[in-house]
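K.L.:
I'd like to ask you about the structure that follows.
Read-outs throughout are calculated quantities, based only on the coordinates presented, and are distinct from any laboratory measurement. Quick caveat: nothing in here was measured; it's all calculated off a predicted structure. As a convention, Cβ positions derive from the backbone with ideal geometry for all residues, glycine included, and neighbour counts pool all protein chains shown.
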Amino acid sequence: MKHKNILLFLLISISGIRANASGKIKVVTTLTDLKSITEIIGGDLVEVSSIATGYQNPHFVDPKPSYIIKLSKADMFVTIGLDLENGWSPSLLNSSRNARIQKGAPGYVDASENISLLQVPNSISRQQGDIHIFGNPHYWLDPMRGKLIARNIYNGLLRISPENKNYFAKNLAAFIAKIDRQDKIWKNALAPYDGMKVIVYHNEWVYFEKHFGLKVVDFLEPKPGIPPTPSQLVKVINEVKANNIKLIITSPYFPTKSADVVARQTGAKVVVLATSVGAEDEIKDYFDLFDYDVHQIVNHLKP
């Protein structure tokens, strides 16, 4: 009987789905946006938790033992990939000692797979600041790329639970259809501002900018990851005045002091946009993220 129990345990482990009280597939994601999309595609069959919060800078997350415990019990792990979470994700993943979710395993999902990346550098040097060597990793801020993220998550769920293919496929199709419907609404709301020049704090809005027709002309950071300097603020103030720029975009985890200085000197408005689900209480899912950001832009540009 003892040998039969050991064999049963091994069979469950090899199958890829960990036995748990809820009977659901346990998924851990790095970001809340991935959590939201996984919940939509996985539906009632998944139990999902995110390591980072929606109001946290995804580059900087303090590893905690509780994260390792979650990862050790997970059937699937979903990461933005590239080098966005390099400062914390690999160490947590290794410490989990969970073979099911290590890179290359069926339960490992790199959401950046098949994503067309922007700002892929031709060369790297320290003088450039915090440059992402694989390209800009903030691709989830484009809803069209969000559809590809959803497909990557679908493929991951399919690998570990192929018997539920039809269920996952139905949810994926519904997600894609809703993105297409909502995107028409979002683009229509921003259509009057097509080509509008804006200033942003950090270089994380390139995908959002490109998709929705905005044009980032400069950053409050003199180089990526370098806090604003007086000389950079003077440069930005002159650019705002010369180009009649009306909007300065920043994120929840950056101080607004520098943006406020530029705003006082130029009359431009500062808008804090959400970079992830959960950045504000009303942003419950991936669709809410774009609803919120589009509304914030339009609202701040009203006469």
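K.L.:
Checking the a/c ratio against 1.5 first, then a/b against b/c, what shape does the Cα gyration tensor give for segment 59-208?
P.N.:
Details: a/c = 2.30, a/b = 1.17, b/c = 1.97.
In terms of gyration-tensor shape, oblate.
K.L.:
On a 0 to 90° scale, report how tilted helix 286-301 is relative to the longest principal axis of the chain, with both axes built from alpha carbons and the result rounded to the nearest 10.
P.N.:
10 degrees
K.L.:
Further question: Distance from the Cα centre of segment 253-303 to that of segment 145-168, in angstrom?
P.N.:
A separation of 32 Å, based on Cα centres.
K.L.:
For the chain, find the longest principal axis of its Cα atoms and tell me its angle to the long axis of helix 32-42, 0 to 90°, nearest 10.
P.N.:
50 degrees
K.L.:
How would segment 131-231 be classified by its alpha-carbon gyration tensor: rounded, prolate or oblate, with rounded meaning a/c under 1.5 and the a/b versus b/c comparison settling the rest? Please report the intermediate quantities before stating the final value.
P.N.:
Numbers: a/c = 4.89, a/b = 1.72, b/c = 2.83.
Taking the square roots of the gyration eigenvalues as a ≥ b ≥ c, segment 131-231 is oblate.
K.L.:
May I ask for the angle, rounded to the nearest 10°, between helix 257-266 and the longest principal axis of the chain, with both axes built from Cα atoms and the value confined to 0 to 90°?
P.N.:
30 degrees
K.L.:
In a GNM of the chain with a 10 Å cut-off on Cα contacts, which of 227, 192, 58 has the highest mean-square fluctuation?
P.N.:
Of 227, 192, 58, the most mobile in the Gaussian network model is 192.
K.L.:
Among 214, 243, 158, flag the residue with its Cα farthest along the positive direction of the charge dipole of segment 135-258, charges on Cβ as +1 for Lys/Arg and -1 for Asp/Glu.
P.N.:
Going by the charge dipole, the pick is 158.
K.L.:
To the nearest 500 deg cm²/dmol, what mean residue ellipticity at 222 nm is calculated for the chain from DSSP H runs of n ≥ 4 alone, each contributing -39,500 (n - 2.57), summed and divided by the residues?
P.N.:
Per the formula, -14000 deg cm²/dmol.
K.L.:
For Cα extents along the principal axes in Å, the choices are [x] 52, 44, 35; [y] 76, 76, 31; [z] 80, 41, 35; which was calculated from the structure?
P.N.:
Among [x] 52, 44, 35; [y] 76, 76, 31; [z] 80, 41, 35, the one derived from this structure is [z].
K.L.:
A further question on this structure: Could you tell me which of 93, 274, 30 has its Cα farthest along the dipole of the chain towards the positive end, charges placed at Cβ (Lys, Arg +1; Asp, Glu -1), taken about the Cα centre?
P.N.:
About the Cα centre, the residue reaching furthest to the positive side is 93.
K.L.:
Right, here's the next one. Ranked by Cβ crowding within 10 angstrom, fewest neighbours first, how are 112, 49 ordered? Can you show the working numbers first?
P.N.:
Values: 112 21, 49 17.
With the sparsest Cβ surroundings first, the list reads 49, 112.
K.L.:
Taking neighbour counts of Cβ atoms within 10 Å as a proxy for exposure, in what order, fewest first, do 140, 205 appear?
P.N.:
Values: 140 28, 205 24.
Ranking 140, 205 by Cβ neighbours within 10 Å, fewest first, gives 205, 140.
K.L.:
Let me know the shape class of segment 173-303, please: from the alpha-carbon gyration tensor, a ≥ b ≥ c as square roots of the eigenvalues, rounded when a/c is under 1.5, otherwise prolate if a/b is greater than b/c, or oblate. Could you put the intermediate results ahead of the total?
P.N.:
Values: a/c = 2.16, a/b = 1.69, b/c = 1.27.
Judged from the Cα gyration tensor, segment 173-303 comes out prolate (a/c at least 1.5, a/b above b/c).
K.L.:
Test of understanding: what is the full-extension gain from residue 284 to residue 72, defined as 0.36 nm times their sequence separation minus their Cα-Cα distance? Please report the intermediate quantities before stating the final value.
P.N.:
Details: separation 212, 0.36 × 212 = 76.32 nm, distance 2.65 nm.
The span from residue 284 to residue 72 would gain 73.7 nm if fully extended.
K.L.:
To continue, here is another question. What is the fewest-to-most order of 134, 175 by other Cβ atoms lying within 10 Å of their Cβ?
P.N.:
Values: 134 14, 175 22.
So the ranking, lowest neighbour count to highest, is 134, 175.
K.L.:
Assign unit charges at the C-beta atoms only (+1 for Lys and Arg, -1 for Asp and Glu), then state the dipole size of the chain relative to its Cα centre in Debye, rounded to the nearest 20. Numbers along the way, then the final one.
P.N.:
On the way: 35 positive and 29 negative charges, 118 e Å.
Roughly 560 debye, rounded to the nearest 20.
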